[in-house]
Structures are given as C-alpha cells and as structure tokens.
Amino acid sequence: MRPNRSAPEAAAPPERLRHLAQLRRVRDRIDREYARPLDVEALARGVNMSAGHLSREFRRAYGESPYSYLMTRRIERAMALLRRGDLSVTEVCFEVGCSSLGTFSTRFTELVGMPPSAYRREAARATAGIPSCVAKQVTRPVRNREARSPAPD
C-alpha cells in the first residue's frame, strides 16, 4: 500500500521547480518595479495564478506576503533617498511608489522604528562620511518581529 501524500508533496520535482521559478519571477518583478503601481492581482496575472494562491505560496516560499515584500523594498529605497537628504518625505513617498503619505509613514515607522522625518535627521548624522554601499547594508530595515527583544531587567 502506498503512503498517502498531500498534493504539494506528491508533485513531481520538475513541477515544483517550475512553481518556484514562477514565485521567483514575481519577486524579481517586485524588485525591479517597486516604484510602479503593483498589486497582488496584477502580480498573480503575470504568472497565471489567482491572487489568493500567489499570496499563500509566496508566503510559504519567502516568509512574507507579496504586499509585505513590496513595501519592504519601497521602504529600503526610501531610506536611501532620505539619507541623501535632497528630497522631502512627501517627495520620497511618491518616488518609491506609495500613493498615501499616511500609509507610507505608518509602514516606515513599523519597519524602521521611527518616522521618516526623524530617520532623515538621524541618518544624515549617523552616515556622514560612510560610503553609500556600506550605509545601505548597515541601515537595512529589520521587521520589528524579527528584531531581537532586549532582555528583561
């Protein structure tokens, strides 16, 4: 008697690889087109999946939803623009593809731990004299749930 396998486990390796390649194409598209209007439905249409299926499979493969991944990319780019210091927070918001300053500020604060205006002030001081390639790596956002909690006193 054969063991009962669920559908994903029973899928042939070439099919699973094709599926992972589709998810990688979605992730690559987000990386390339983060500043353009993107939504999960459009991303799903690009790989012939439903939006719900794409969201579930993307989360399973990468640990976060496509929307969350997109917003992280946007915030990373916003951090770089804010460090430069030549654009206002509102200009940065629209430059990275966000259409709502409120949503941008809320998400930025969640990921970075401070509002964009405070980050702009702090980053100018903290990264003075550091090459931009190093500053980008050192200041990369870490999700609050991934950050280590300080030990209780």
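What follows is calculated from the coordinates using simple rules that are stated; it is not laboratory data. Only a predicted model underlies this, so the values are computations on that prediction, with no experimental measurement involved. Glycine also receives a Cβ, built like all others from the backbone with ideal geometry; neighbour counts cover every protein chain displayed.
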When all C-alpha to C-alpha distances in the stretch 71-138 are sorted into bins of 10 Å, what percent of pairs does each bin hold, rounded to whole numbers? 23, 58, 18, 1
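Determine, for each peptide in 46-53, 81-88, the mean count of other beta carbons within 10 angstrom over its residues, then list the peptides with the highest first.
Working: 46-53: 13.4, 81-88: 15.5.
Peptide ranking by packing, descending: 81-88, 46-53.
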Give me, ordered by chain and number, the residues 5 or more places off Val96 or on other chains with an amide H under 5 Å from its own placed amide H. none
A correct Karplus calculation of ³J(HN,Hα) over the stretch 96-102, with 6.51 cos²θ - 1.76 cosθ + 1.60, θ = phi - 60°, whole Hz and x for Gly and Pro, returns 8, x, 7, 9, 10, 4, x
Give the Debye-formula value of log10 I(q)/I(0) at each listed q (0.10, 0.12, 0.22, 0.24 Å⁻¹), with one equal scatterer per alpha carbon of the stretch 5-90, two decimals each. -0.32, -0.43, -1.04, -1.16
Two-site FRET efficiency, Tyr62 against Met114, from Cβ-Cβ distance with R₀ of 30 Å, rounded to 0.05: 0.70
